[in-house]
Amino acid sequence: MADTRTIERTLIDTYTQANPKSRAAHERASRLLPGGVTHDVRAFTPFLPYIVRASGAHKWDLDGHEYVDYAMGHGALILGHAHPTLVAAVTRQVALGTHPGANHLLEIEWAERVQALVPGVEMVRFTSSGTEATLLALRLARAATGRRKVVKFQGHFHGWHDAVSPGQAPPYTDVPPGVTTATAGETVVLPVDLDVVGSALARDPEIAAVIVEPSGAAAGAVPLPAGFLQNLRALTSSRGVCLIMDEVITGFRWSPGGAQQAYGVRADLVTMAKILAGGLPGGAVAGRRDLLEPIGVASAAGRRIRHPGTFNANPLSAASGISCLDVIRDGKVHEQINAMTRSLLTEMNARFARRGVRGVAYGEASRFNLAFDQRLTPGDPQSLRNVPADALKEQRPTPVAASLALALLLRGVHLMAMGGFVSTAHTREDIAKTVDALDEALGEIQTLAPR
Ligand SMILES: Cc1ncc(COP(=O)(O)O)c(C=O)c1O
């Protein structure tokens, strides 16, 4: 029986030989770009393919391979790559100018779309990314409450600015390099446990906000217990603490109105990005008027909240965002892609069960995750409850997980880490191809699967 390293080595060798142009590009990139990449999640052994073109659910690399894509613009592309309506809208706008350096009508139309879809939106402020949106939301909460600290949950991701960087990986107590202990000390990292949150809020009058990924940590890799968000809403309200739902993933995906609509929970502020801008850069903070209004306007105390940003609500992102929100607004898109995702999950789990691989496919809406752990029953999502949150979050590479992404790439399927996003462009054929690729990939590395 081959050991883990032998299988990984074999896959790495096969993949490297099959991708000579991407390999050369990777070597060239590594001389200039840290780690050879431009986003942490794209660091991959030996390297990810270099993509030259994408359309619908597919993309093509420098060496001529075609992939069914589940990275889908890190979740931004709910309509697939290069959707014709969005391409037309952006093309029209690019000829009209990309930056008027003044107000423009598209920013109003875009905000009106957001208000029409997302519950509780009294005002909207656009940013250039999700990271900027959570940064601004926390600043608004601090300004409104006059308090210093924020609560975030273990493993929950809210971008890369300093206040949300602590608490990413077990044991969740680190001060990330480059973040001051003073800043990290103002971020209270808590487990997903209402008793612990309740006592923290009761004990500490300096807490301004609680920020949460409504999907659960890492885009739903660690789902939240049922009722958690509702109870968190009640707890935060009772203490005058702002509840910020970070809907960068769930916004416009969990439903046209995001997770607030899907779960019937109303936040004070919602942060959005990704689908909001239809695959171009863009983010927003939206919610209560009293929280957003002090931006740019002197309050009674004469203090205004500053928020410049060269590309806030830039016309290209606005044109793309408006078109995207118009396509998804009636929820038919969600019915289609959620059903497609459910059949992908069912089929994947059937393969895990048939091959006796201790893996489970699970997810919500059109987001799916794969987990591999000795405590799982092959293909049985119920057995996820046997796996502690830390292990789900970390996806400690079991032999299967470590090799699977590579074995799938070799078969024309690109996951994003151990999961992905389904778009309206994914067809039944794409799903069938993905499931066959998974089955074959599992077969290839099964000698290593923990049973
Ligand atoms: C929940 C969540 N919040 C914030 C962010 C940061 O968004 P951006 O990458 O646009 O800065 C992400 C990015 O994936 C995210 O998933």
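The values are calculated or read from the model by the stated rules, or taken from the named source; none is laboratory data. This one's a predicted model, so the numbers in the text were calculated from it and none came from an experiment. Note that we place each Cβ from the backbone using ideal geometry, even for glycine, and neighbour counts take in every protein chain shown.
Just a yes or no: is a residue in the range 257-265 at positive phi and either modelled with pLDDT of 95 or more or among the small types (G, A, S) (or both)? There is at least one residue in the range 257-265 that is at positive phi and either modelled with pLDDT of 95 or more or among the small types (G, A, S) (or both). Would you mention how many residues in the range 325-344 are surrounded by fewer than 21 Cβ atoms within 10 Å (Cβ to Cβ) and either acidic (D, E) or more than 30 Å from A111 (Cβ to Cβ) (or both)? Total meeting the criteria: 7. Looking at V357, V333, just one residue is out of contact with any strand residue (DSSP E or B) (no Cβ under 6 Å at 6 or more places or on another chain), under 30 Å from A89 (Cβ atoms) and touching a residue at least 40 places away in the same chain (Cβ under 8 Å), and that residue is V333. Does G296 satisfy being over 21 Å from the mean Cα position of the chain (by Cα) and free of Cβ contacts under 8 Å to residues at least 24 places away in the same chain? Yes, satisfied. Residue pairs whose Cβ atoms lie under 6 Å apart, sitting 6 or more positions apart in sequence or on different chains, and linking a residue in the range 250-271 that is touching a residue at least 60 places away in the same chain (Cβ under 8 Å) to a partner that is within 15 Å of the ligand (Cβ to nearest atom) and among the acidic types (D, E), are G258/E247; V270/E247; T271/D246. Of the residues making up the range 150-201, those that are more than 21 Å from F228 (Cβ to Cβ) and away from the ligand (no atom under 16 Å from the Cβ) number 14.
Residues that are among the polar types (S, T, N, Q), in a helix (DSSP H, G or I), assigned by TED's automatic domain parsing to the domain that holds R203 and touching a Pro at 6+ places or on another chain (Cβ under 6 Å) are absent from the range 127-141 altogether.
Go through G220, G178, G167 for me and flag whichever is under 30 Å from A318 (Cα atoms) and not β-branched (V, I, T). So the residue among G220, G178, G167 that is under 30 Å from A318 (Cα atoms) and not β-branched (V, I, T) is G220.
If we scan the range 72-86, do we find a residue that is at pLDDT below 95, out of contact with any strand residue (DSSP E or B) (no Cβ under 6 Å at 6 or more places or on another chain), under 29 Å from L345 (Cα atoms) and away from the ligand (no atom under 16 Å from the Cβ)?
Step one: list which residues in the range 72-86 are at pLDDT below 95, which gives none.
No, the range 72-86 contains no residue that is at pLDDT below 95, out of contact with any strand residue (DSSP E or B) (no Cβ under 6 Å at 6 or more places or on another chain), under 29 Å from L345 (Cα atoms) and away from the ligand (no atom under 16 Å from the Cβ).
The rows are residues; the columns are (1) part of a loop (DSSP other than H, G, I, E, B); (2) in the same structural domain as M272 (by TED's automatic domain parsing); (3) touching a Gly at 6+ places or on another chain (Cβ under 6 Å); (4) touching a residue at least 24 places away in the same chain (Cβ under 8 Å).
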position	(1), (2), (3), (4)
H307	yes, yes, no, yes
F311	yes, yes, no, yes
S317	no, yes, yes, yes
L344	no, no, no, yes
M348	no, no, no, yes
L392	no, no, no, yes
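Rundown of residues vs (1) in contact with a strand residue (DSSP E or B) (Cβ under 9 Å, 6 or more places away or on another chain); (2) closer than 24 Å to K433 by Cβ; (3) small (G, A, S); (4) not assigned by TED's automatic domain parsing to the domain that holds D430, yes/no style:
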site	(1), (2), (3), (4)
T10	no, yes, no, no
G35	no, no, yes, no
T38	no, no, no, no
A43	no, no, yes, no
G56	yes, yes, yes, no
K59	yes, yes, no, no
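Within the range 208-259, the set of residues being of a type in the set (G, A, S) and within 14 Å of the ligand (Cβ to nearest atom) comprises S215, G216, A217, A218, A219, G220, A221, G251, G258, A259. When the range 350-390 is limited to residues that are part of a helix (DSSP H, G or I) and of a type in the set (A, V, I, L, M), the one that is farthest from the chain's Cα centre (by Cα) turns out to be A353. Of all residues in the range 42-64, those that are surrounded by 19 or more Cβ atoms within 10 Å (Cβ to Cβ) and assigned to a loop (DSSP other than H, G, I, E, B) total 4.
Scanning the range 231-258 for residues that are small (G, A, S), in a loop (DSSP other than H, G, I, E, B) and over 16 Å from G159 (Cα atoms) turns up G240, S255, G257.
Taking the criterion of being over 14 Å from I305 (Cβ atoms), within 16 Å of the ligand (Cβ to nearest atom) and surrounded by fewer than 24 Cβ atoms within 10 Å (Cβ to Cβ), the residues of the range 122-143 that qualify are S128, S129, T131. As a summary of the residue check, V413 satisfies the conditions (1) touching a Lys or Arg at 6+ places or on another chain (Cβ under 8 Å); (2) in contact (Cβ under 8 Å) with a residue 24 or more places away in the chain; (3) surrounded by fewer than 17 Cβ atoms within 10 Å (Cβ to Cβ) except for the one numbered (3). Of everything in the range 372-383 that's more than 21 Å from W254 (Cα to Cα) and touching a strand residue (DSSP E or B) at 6+ places or on another chain (Cβ under 6 Å), which residue is surrounded by the fewest Cβ atoms within 10 Å (Cβ to Cβ)? The residue in question is L376.
Taking the criterion of being within 18 Å of H158 (Cα to Cα) and within 16 Å of the ligand (Cβ to nearest atom), would at least one residue in the range 289-310 satisfy it? Working first, answer last.
Kept after step one, since they are within 18 Å of H158 (Cα to Cα), are these residues of the range 289-310: none.
Checked against the condition, which is being within 18 Å of H158 (Cα to Cα) and within 16 Å of the ligand (Cβ to nearest atom), the range 289-310 yields no hits at all.
Among the residues of the range 65-89, those identified as surrounded by fewer than 19 Cβ atoms within 10 Å (Cβ to Cβ) and either acidic (D, E) or part of a helix (DSSP H, G or I) (or both) are E66, H74, P84, T85, V87, A88.
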